[in-house]
Amino acid sequence: CSEYQKALKADGEGAIAEKFKMGEALYKEGKFAKANRLFAQIVPDYRGKPQAEKLMYLYSNSFYQMKDYYVSGYQFERFASSYPKSEKLEEATFLSAKSAYMLSPVYTKDQTETKEAIEKLQEYINVYPDSEYASEASKLVQELDFKLEKKAYSIAKQYNHISDYPASVRSFDNFVFEFPGSVLREDALFYRLDSAYKLAMNSIEYKNSLNGIIPLKRNRLKEAKEYSESFVKSYINSKYLEDVNAMVADIDEELKGYSTKS
Amino acid sequence: LLLFACNFTIQAQDLEYSNGKKYTLGDISVSGNTTFSEQTIITYSGLRKGKEMTIPGEDISNAIKKLWNSKLFSDIEVYITKTEGNIAYLQIRLSDLPKLNELKINGVKKGKKESIIRENKLTKGVKVTENLITTTKNFLTKKYRKDGFFNTKIHINTIDVKDSIQTARVNMVLNIDKGEKVKIKNITFSGNTILSDKKLRKSMKSTKKINRIRLLKRSKFIDSAYQADLGHIIDAYKENGYRDARILSDSIITNNDKTISLKIDVNEGEQYTFGDITFIGNTVYTNDQLKRLLRINKGDTYNGILLQKRIADDTKPDAFDITNQYQNNGYLFSSINPVEVSADNNVIDLEIRISEGKPAYFNSVTVVGNDKTNDHVIYREIRTRPGQLYSKANVVRTVRELGQLGFFDAQEITPNFNNPNPVEGTIDMEYSVKETGSSQIELQGGYGGGGFIGTLGLSFNNFSIKDIFKKEAYKPIPMGDGQKLALRLQASRFFQTYSFSFSEPWLGGKRPVQFSTSISHTKQFLFNPQTRNADKSRSFNITGITFGLAKRLSVPDDYFTLSQAISYQRYDLNNYNTGLFTFGDGYSNNLSYTIGLSRNNTSVDPIFPTGGSSFAITGKFSLPYSLFNGVDYDALDAEREANDNIRTDITSSPLDVADASTRIAEIDQEKFSWLEFYKVKFSGEWYTQLAKNLVLRPKVEFGFLGAYNNARGIIPFERFYLGGDGLGNFSLDGREVIQLRGYPNQSLSDQDGGTIYNKFSLELRYPITLKASAKIYALGFLEGGASYNSFRDFNPFSINRSAGLGIRIFMPAFGLLGIDFGHGFDPLPGQTQKHGWETHFIIGQQF
């Protein structure tokens, strides 16, 4: 350790090369934090020199290994733009994107980082479709995409939970439109129906509007009925089927009243 | 930039742009006076060998642009040196911009030089461009003119440095000649008959002539302000119906080096009146409804400014105008244009053309920036939900209420409108928030009450109780569910207090029903005069638990909250004799139900509200035990009085006195076994913005503690203690400490506390900074209040008055800190001289 301290404090002619050598050794041993401190000292000295390419790669990766993903993402990106001919280019691009992935928070919080990570990973996949990391990258993209889906789904479901049914229906509509292939689609369609059903059941009969009196409840029942049909069409063996059938029966019962009246 | 444009056009003329041919790039070389390596420049330009491009074409101009934007080079040119088939060899020619070597500033004091260097970024090594020289010159000229140096002259010279160092460098000499400070001696008008010179001068808001009495505005001449003021003169005419008024000419006359005069020639034109006003295109609102909003009638003096204000008042976002009427009811895409259709005989007929558009509905509503707070905590507070009709008022209210949560910086919540779609009638909403620290730590030690007191307080205002067993949630504590958790431990040689409280604003997440609970335990030891220490064998314990529910109401309006709480407290005495109790061993139970109704629409920042008001009325009740427990309190009261007489009678024998005391203790134990009382409190406060940054807060408070059974009497607990900083420190008996600055703590009530109090206060607040890291405001106050022991003494006008000044600092990690200097104008009870100055330290109290 004292040798390390000496190297840290060293100054003068041979010191820079010595630091590089020692940093590299420490890096190989897996002591990334220590290596990183040495690299940080010599990065300015190597700027523009041929060894800089290797140094910058090690320096960037040491941040990654230290789980300082914000800096590693930036450093790898810089590496990729500074050394477009490097053999490590592909790996650096990937690690830059993966750093962004690591920064993505849980789905219930702001997803700015998630979107950035998706963009970066997607760009990586587009540029290097056959690389060794491509499958991992697409797996990560999937995972991040799911976060966005889960977020939109949870918000729409919360509107259902707090009994704001119109907001819930609208949000699930947007969800189905935005994430057509989502694994949450079945749940989304069910809760859209559930919201529409509850909205219709608790609705007032008529509403005054500019275009005259609207039969509000009837319209809402019809809408709920449509949602139930589209649900059954897609998921005939759904775990929700029993609930759906009960709702449909209720809706039909209510609608019957209108058909006899008119 | 001019240079670049020249080069560009020359190239474009050489090879016609449209005739560009496709080439593959061969080698690229760099020439010119530069110290940068060839590779760096080529990489930076974005050109690389093997790239296919059209020459001439966009790629080349992009390369030049890129290099230009680096602000490192001048004279950038790109040439084709030769072509071989479809391979083009390029050469980049450029030269480095000179760096600043030495700067010499003449004409200002030494102290000012540094700020000039900083403001214009004239540090050594900066690239000297034409732009830098021009902006510096303009900046300084403007700056001095603003300070009244109308005749400022700035000269900048650059001299090339010639020495052995390769890089191009220049020395700069900055000559500043401020000249004399120029004031406006006089402003004269000609051509005005309707409005007097004086009125016109008054209409000029920032340009004023010398007046020794006027202190707030100076008589400087600032050109931009002067131009605006010329507009204000016209506005003054417009407000009086002279809509043709114009400035014919204006001149600045230099009297001498120190003063100038302004001469303004106006043409007033004729006065106009409003004629017929018709609305066109309105289907949602009737003509009558719109007329009521416009409040302008035929025959009124024409006033273009007023007309504009009634249609869309830009100065007030919540103004009562036609635009807001549409905006608040979903018509986001509406536009309203007044058009003059005729102006015969100076009577202006107006057509107000309304394009209503489709009503807009919110499509997606999102929140960004919540790095700590979970979605569900935010989305449930948002009043603009997907599918809802657009309403500006709801957007404003959402911003207010998100600010009130206390998790975000109230000054930085912005609603962004995205993807407006007038065809579909939809709009997306995005609320951008910025998290602030919402946890507070209090760790203090101090001397008081006869020894060292240590306090540890933790309060987490955005806690997440469901994450307390998740290791990864500790960053540093589980956060984001909007729950409040507070722990407080306080201990000295004489007492220990432990308290814990928790609240969840949406119990179950379905409705805004706040659940709160708190548990506390206090152990107090009696002071032993012999050992001068705590006597551990004689103690007084208080244990309490409270459960509360608070529900937001929608009637009468949705700013109301109804809260209910049940609390239980047990006082346990163990050989502990004080003035509070006549019995040394015994107990007392306090079971009470509290119901409160409050309304709060203060906005926007909870730390520094600038508008709205807050009212609260609460009642706290115990069960009326005396109604059904069969105890004859009249008899007990009579017996107690009789015994008290024996006790105080000096002729009684010591044995009788002891017997009487024992009996009194027994009676009191009976009376206080279950505390019987009711308490009613009211408080109201208003916030009004007097000027841009000045907020006035009047506040009234009133409280009353009563007994159901007069024979049982008013309890010695739960009383009001008036005076001082109002901080509820360690207290034994459920007392309420009421702030009244300018007097010592709790000095304005009896030793046993008052049963009625009232208080009036006026506070004027001025914000110094409202940044998220620290909010600081200064305040001045006038207040008065009094506490009484019964309704018979009650006199709301016989109050103790005070006035003073103070400052408050709110930092997210420490809560509110402050100091107030109050002057009490009335004597303390039992004294005859006015109390005078008193200093108060305010810690952690928010209101």
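Taken together, the values in this text are just the output of simple stated rules run on the coordinates, not laboratory data. Computed from a predicted structure; not experimentally measured. Quick reminder, even Gly has a Cβ in these numbers, built from the backbone with ideal geometry, and neighbours come from all protein chains shown.
When you restrict to C-alpha pairs under 8 Å that are six or more residues apart and normalise by the size of chain B, the relative contact order lands at 5 percent. Springs between Cα atoms under 10 Å define the GNM used for chain A, and in it the highest mean-square fluctuation of A:Q158, A:Q51, A:Q111 occurs at A:Q51. Axis angle, to the nearest 10 degrees, between helix A:165-178 and the longest C-alpha principal axis of chain A: 50 degrees. The modelled label-to-label distance for the pair B:L817/B:A642, using points 7 Å beyond Cα in the direction of Cβ, is 6.2 nm. Can you work out the FRET efficiency for the pair A:R37 and B:S773, with r the C-beta to C-beta distance and R0 = 35 Å, to the nearest 0.05? Computed FRET efficiency for A:R37 and B:S773 comes out at 0.70. Per residue of peptide B:357-369, the mean number of Cβ atoms on other chains within 10 Å of the residue Cβ is 3. Cross-link partners of A:K28 among aspartates and glutamates, defined as those whose alpha carbon lies under 16 angstrom from its own and excluding same-chain residues fewer than eight positions apart: A:E18. Remark: the B:F500-B:I617 segment gains 39.6 nm on full extension, using 0.36 nm per residue and subtracting the alpha carbon distance.
The Cβ shell under 14 Å around B:G815 holds other residues with a net charge of +3, Lys and Arg each +1, Asp and Glu each -1. Distance between the pseudo-spin-label points of B:T158 and A:K239 (7 Å out from Cα toward the beta carbon): 7.2 nm.
The charge dipole of the protein assembly as shown, taken about its Cα centre with unit charges on the Cβ of Lys, Arg, Asp and Glu (plus for the first two, minus for the last two), comes to roughly 3640 debye. The fewest-to-most ranking of B:K112, B:K834 by surrounding Cβ atoms within 10 Å reads B:K112, B:K834.
For the pair B:T129 and B:L597 in one chain, pulling the backbone fully straight at 0.36 nm per residue adds 161.8 nm over the alpha carbon distance. The mean number of Cβ atoms from other chains found within 10 Å of a Cβ in peptide A:151-157 is 3, as a whole number.
Shown here for segment A:195-262: GluC sites (Glu not before Pro) in loop regions (DSSP other than H, G, I, E, B) with at most 12 other Cβ atoms within 10 Å, namely A:E205. The charge dipole of chain B, taken about the Cα centre with unit charges on the Cβ atoms of Lys, Arg (+1) and Asp, Glu (-1), comes to about 3220 debye, rounded to the nearest 20. Remark on chain A: hydrodynamic radius 22.9 angstrom, per the Kirkwood mean of 1/r across alpha carbon pairs. For the Cα atoms of chain A, what angle does the longest principal axis make with the long axis of helix A:15-29, in degrees from 0 to 90, nearest 10? Its long axis makes an angle of about 50 degrees. Residue pairs exceeding 23 angstrom between C-alpha atoms, taken from B:K153/B:K202; A:K54/B:K124; B:K208/B:K238; B:K202/B:K291: B:K153/B:K202; A:K54/B:K124; B:K202/B:K291. Full extension of the chain segment joining B:R48 with B:N151 gains 31.7 nm, where the gain is 0.36 nm per residue of separation less the Cα-Cα distance.
For A:K109, neighbours were defined as the other residues whose beta-carbon sits under 11 Å from its Cβ, and their charges (Lys and Arg +1, Asp and Glu -1) total -2.
The long axis of helix A:89-103 is offset from the longest Cα principal axis of chain A by roughly 50 degrees.
The modelled label-to-label distance for the pair B:Q39/A:S81, using points 7 Å beyond Cα in the direction of Cβ, is 1.9 nm.
Just going by the charge dipole of chain B, with Lys and Arg at +1 and Asp and Glu at -1 on Cβ, which of B:P556, B:F320, B:N240 is farthest out on the positive end? Positive-most Cα among the choices belongs to B:N240. Beta-bridge orientation, the protein assembly as shown: approximately 85 percent antiparallel, per DSSP, counting only bridges with both partners inside. Shape class of chain B from the alpha-carbon gyration tensor: prolate, with a/c at 1.5 or above and a/b greater than b/c.
Shielding by partners for peptide A:100-112, expressed as the average number of C-beta atoms from other protein chains within 10 Å of each residue's C-beta, is 4. Placing unit charges on each Cβ (+1 for Lys and Arg, -1 for Asp and Glu) gives chain A a dipole about its Cα centre, and among A:V43, A:A156, A:G257 the Cα reaching farthest toward its positive end belongs to A:V43. Ordering B:V108, B:L675, B:N211 by the projection of their Cα atoms onto the charge dipole of the protein assembly as shown, which places +1 on the Cβ of Lys and Arg and -1 on the Cβ of Asp and Glu, puts B:V108 at the extreme positive end. Overall shape of the protein assembly as shown was characterised from the C-alpha gyration tensor. The equivalent ellipsoid obtained from it has semi-axes of 63, 44, 41 Å, in decreasing order. Summing charges over neighbours of B:A319, with a neighbour being any other residue whose Cβ is under 13 Å away from its Cβ, gives +1 when K and R count +1 and D and E count -1. Taking a point 7 Å out from the Cα of B:K466 in the direction of its Cβ, the residues of segment B:499-517 whose backbone N falls within less than 18 Å of it are B:503-516.
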